[in-house]
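K.L.:
Below you will find the structure I want to go over with you.
The values are calculated or read from the model by the stated rules, or taken from the named source; none is laboratory data. As the structure is a computational prediction, the values presented were derived from the model and not from experiment. Please note: Cβ atoms are built from the backbone with ideal geometry, for glycine as well, and neighbour counts cover all protein chains shown. With ligands, DNA and RNA removed, areas are computed over all heavy atoms of the protein, side chains included. Shrake-Rupley method; radii C 1.70, N 1.55, O 1.52, S 1.80 Å.
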Amino acid sequence: MTRTLTLYSRTGCHLCEQMLAQVAALDLPHDVSLQTVDVDADPVLRARFDVDVPVLALDGEILCCHFLDEAELRQALIDG
């Protein structure tokens with residue numbers, strides 16, 4: 001079963017670019033896919049995450065916002 005790591009971000013956001021680069025550099029398990037979602041493309045997501053981007057979620061559960069919490073991400077991947 002594939003798990004989805006979602007990065008909610010926006011174009012031109014340096015924190016978003018930084019978190020994407022950090023996550024992309026990690027050795028993620030083969031069953032985890034990374035997707036990015038532009039919050040500005042969806043009014044509901046923009047209202048939900050506007051000042052909190054970047055937001056990283058695993059299978060819909062928010063793990064961190066603004067900065068990567070690598071320990072939290074790794075623990076979530078272990079916990080499944």
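K.L.:
Around Val32, which amide H atoms from residues at least 5 apart in sequence, or from another chain, sit under 5 Å from its own amide H, with H modelled in the peptide plane?
P.N.:
It is Arg3, by chain and number.
K.L.:
Any chance you could list P(r) for the chain, counting all Cα-Cα pairs in 10 angstrom bins from zero, rounded to whole %?
P.N.:
So the P(r) values, bin by bin, are 19, 56, 24, 2.
K.L.:
If you check each cysteine of the chain for another cysteine whose beta-carbon is under 4.7 Å away, which ones come up empty?
P.N.:
Cys64, Cys65
K.L.:
Further question: Angle check, please: helix 70-79 long axis (alpha carbons) against the longest principal axis of the chain (alpha carbons), in degrees 0 to 90, nearest 10.
P.N.:
50
K.L.:
A follow-up question, please. With a 1.4 Å probe and every protein chain kept in, tell me what percent of the accessible surface of segment 40-80 is carbon plus sulfur.
P.N.:
Summing carbon and sulfur atoms, their accessible area is 52 percent of the total for segment 40-80.
K.L.:
So, R0 is 41 Å and r is the distance between the beta-carbons of Met1 and Ala47; what FRET efficiency does that work out to, to 0.05?
P.N.:
0.85
K.L.:
Moving on to the next point. Among DSSP beta bridges lying fully in the chain, give the percent that are antiparallel, nearest 5.
P.N.:
55
K.L.:
What percent do you get for the relative contact order of the chain when only Cα pairs under 8 Å and 6+ apart count?
P.N.:
Relative contact order, the chain: 37 percent.
K.L.:
Could you give the dipole magnitude of the chain about its Cα centre, charging the beta-carbon of Lys and Arg +1 and that of Asp and Glu -1, in debye to the nearest 20?
P.N.:
For the chain, the charge dipole is close to 120 debye.
K.L.:
Can you run phi through the Karplus equation (6.51, -1.76, 1.60; θ = phi - 60°) for segment 61-69 and list ³J(HN,Hα) in whole Hz, with x for Gly and Pro?
P.N.:
For segment 61-69, the Karplus-derived couplings read 8, 5, 9, 6, 9, 6, 9, 5, 9 Hz, x marking Gly and Pro.
K.L.:
Another one. Enter the accessible area per residue of the chain (Å², integer; probe 1.4 Å; all protein chains in place).
P.N.:
I get 61 Å² per residue for the chain.
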